[in-house]
Amino acid sequence: MVLSRFWLVIFISSIVFVVVSLFTGNSYTIDYTLNGKKDDPILLSEKYIHQVPAFIKDSIKKAPDQTMIINRDTLNADTTYVYKNKTVKIFSGVQKSDGLLPTCKSTLVDLILPLIAYLAFFCGLMELLIISGASERLAKVLSPVFVKVFPSIPKNHPSISYMTLNFAANFLGLDSAATPFGLKAMESLQEINPEKDKASDAQIMFMCLHASGLTLIATSIIGYRAAANATNPADVMLPCIITSFIGTIAAFLIVGIKQKINFKSASLVVSLMALIAAIVGLLMYVNHLDLIGKNYFTSNLSALILVVIIVATLILSFVKEKKFAEAKTTVFEAFVSGANNGVKTGVTIFPYVLGMLVAISLFRNSGLFEIISNWIAYAFSNMGVNKEITDALPVAMLRPFSSAGSRGFLIDSMNTFGADSLTGRLSSIFQCSAESTFYVIAVYFGSVNIKNTRYALGTMLLVDLICVITAIFVASWFF
């Protein structure tokens, strides 16, 4: 309910801003807002040849291809005049993101279809783990800890194993595997949710821990930095781990206090200390590796673990083939059944994701996001904040809305300021230390048709803010 109203406000505000901009001549045309693609030239207006200034009319007819570019100062984009079919089209700058119609297409082709493929494959594997009894064993082992963190979940409940696999996949940077496991966890938690249209305490805790984005292997970030010719592409890995870990602890404490969890539980304290010790140990190990060793470790470990999980699942399934016979199915049929459920889940969440991304596209194309980010950067600069930090803020601001959008700002910041600058490194930490909050809420809560997310959105945005502040301090300390 709260999330729907938020997107409605964003959508209406952006439309109003577009209309006002059209009449004032300061923004894009409706044609480009609807149909334009990212990095296309922005069509400001179209006039008859006699309506343009005399010097432009005289020059454009003599210019090659009847196209003329006027270079303005560095604070503004070049203005391009194109004369064709008795009219002059005036372009300036490039479009920040895809318009509404290209967004609809890319949401299906570039996002939902690959996501459905991942869901089908990993939900098929999940079905094998369920029938073979592996998920039940995992739930029994972890129940003593999980019942403290999630008091409303019955002991040995299947959702425990799904959440564990989701957290593990996130930790190892296996995004393609994390989402199917997470959606399966939400479906399992929904079965014990007494109010089906309202998020339960367990679902909120799971969502906030998931969205805090604790990550060991920031493979994609290292890849972007390597492509930008960073001296040491993996030098942001430790700051990313520290920032995301603090975000995870903050999420656990904030939600735990709200849900009155017993933090003095011995099993909970021991587990938390063990997790901290493991992360510190990994930090120390990775910190002692040389450049080649770090790159090899980050690029191969997550892929190797994913292969091990897949192979181990298949071997276990064939070893426990009697259990499949007892369930009146086979290993292959069970996999197909699970994959079919994954496809249905992907179709269910498509409208939620589409609506969110269309609202974001209009928000960015309207110019409203750019104005807000400029105001914030101006306020920070007047407070004495380093300009290199304010230059990285657009990545932090867009990250909760759109992973692809913030990734574009990340690449642009590294190209503009350098991958080894504080701005480039801080942008990288912003990108990898938090989740796309609104996307995650739309996908996960949409998959189980929950309308009232209660305090989940506010908590996740607060954790995002904590991650931003932490990232600034950690980057300033490291670099």
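For the reader, a short list of remarks on this structure follows.
- Flag if Ser406 is of a type in the set (S, T, N, Q), in contact (Cβ under 8 Å) with a residue 12 or more places away in the chain and under 20 Å from Pro114 (Cβ atoms): yes
- Positions within the stretch 362-398 being buried (at least 23 other Cβ atoms within 10 Å of the Cβ), of a type in the set (Gly, Ala, Ser) and at pLDDT below 75, in sequence order: Ser366
- Given (1) aromatic (Phe, Trp, Tyr); (2) over 19 Å from the mean Cα position of the chain (by Cα); (3) open to solvent by 30 Å² or more (accessible area, probe 1.4 Å), number of the condition Phe324 does not satisfy: (3)
- Single unsatisfied condition, Lys89 versus (1) part of a helix (DSSP H, G or I); (2) among the basic types (Lys, Arg); (3) within 30 Å of Lys57 (Cβ to Cβ): (1)
- Note on the stretch 46-81: residues that are of a type in the set (Val, Ile, Thr), open to solvent by 40 Å² or more (accessible area, probe 1.4 Å) and modelled with pLDDT of 70 or more amount to 1.
- Hits in the stretch 345-357 - residues which are under 18 Å from the mean Cα position of the chain (by Cα), surrounded by 19 or more Cβ atoms within 10 Å (Cβ to Cβ) and not aromatic (Phe, Trp, Tyr): Gly346, Ile349, Val353, Met356, Leu357
- Residues of the stretch 271-290 satisfying the condition of being of a type outside the set (A, V, I, L, M) and outside any helix (DSSP H, G or I): His288, Asp290
- Every listed requirement among (1) more than 29 Å from Cys467 (Cβ to Cβ); (2) hydrophobic (A, V, I, L, M, F, W, C); (3) under 19 Å from the mean Cα position of the chain (by Cα) is met by Ala134 save one, (3).
- Qualifying residue in the stretch 459-473 (condition: surrounded by fewer than 22 Cβ atoms within 10 Å (Cβ to Cβ), over 21 Å from Met356 (Cα atoms) and touching an Asp or Glu at 6+ places or on another chain (Cβ under 6 Å)): no
- Filter result (under 24 Å from Asp464 (Cα atoms) and modelled with pLDDT under 75) within the stretch 195-234: Gly213, Leu214, Thr215, Leu216, Ile217, Ala218, Thr219, Ser220, Ile222, Gly223, Tyr224, Ala234
- A single entry from Ser143, Ser106, Ser176 fulfils the requirement of being outside any loop (DSSP other than H, G, I, E, B), open to solvent by less than 10 Å² (accessible area, probe 1.4 Å) and at pLDDT below 80: Ser143.
- From Lys86, Lys155, residue being open to solvent by 60 Å² or more (accessible area, probe 1.4 Å), over 30 Å from Ala202 (Cβ atoms), in contact (Cβ under 8 Å) with a residue 12 or more places away in the chain and touching a helix residue (DSSP H, G or I) at 6+ places or on another chain (Cβ under 8 Å): Lys86
- Looking across the stretch 33-45, the residues that are touching a helix residue (DSSP H, G or I) at 6+ places or on another chain (Cβ under 8 Å) and open to solvent by 60 Å² or more (accessible area, probe 1.4 Å) come down to Leu34, Asn35, Lys37, Lys38.
- Test result for Thr423, surrounded by fewer than 22 Cβ atoms within 10 Å (Cβ to Cβ) and in a helix (DSSP H, G or I): no
The values are calculated or read from the model by the stated rules, or taken from the named source; none is laboratory data. What you see is a predicted model, and the numbers here were worked out from it, not measured in a lab. Note: ideal-geometry Cβ built from the backbone for every residue, glycine included; neighbour counts use all protein chains shown. The protein model used for the area step is the full one, side chains on, heavy atoms only, and it has no ligands, DNA or RNA in it. Shrake-Rupley method; radii C 1.70, N 1.55, O 1.52, S 1.80 Å.
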